[in-house]
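Okay, structure first, notes after.
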């Protein structure tokens, strides 16, 4: 399971509730095995990734993918 989002062109205009660094805390509270990553240069174009390590699921019955351009 994962959440993947590209850095906005103007991140300072994004509502604070939906800024990735502000989302990680509540996600960590909800999920014990979550990890947050930044892929790429933080001061340039990058992607934010939050993953869950769900070792108990052998065959997932659902998948969810979101892609923004």
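Readers should treat all values here as calculations from the given coordinates under stated rules, not as data from a laboratory. From a predicted model like this one, the values you see are computed outputs, not experimental measurements. Reconstructed Cβ throughout: ideal geometry from the backbone, glycine too, with neighbour counts over all protein chains shown.
Taking the criterion of being in contact with a strand residue (DSSP E or B) (Cβ under 8 Å, 6 or more places away or on another chain), surrounded by 14 or more Cβ atoms within 10 Å (Cβ to Cβ) and not in a helix (DSSP H, G or I), the residues of the range 19-36 that qualify are 31, 34, 35, 36. With respect to (1) surrounded by 12 or more Cβ atoms within 10 Å (Cβ to Cβ); (2) part of a loop (DSSP other than H, G, I, E, B), the lone exception for residue 47 is condition (2).
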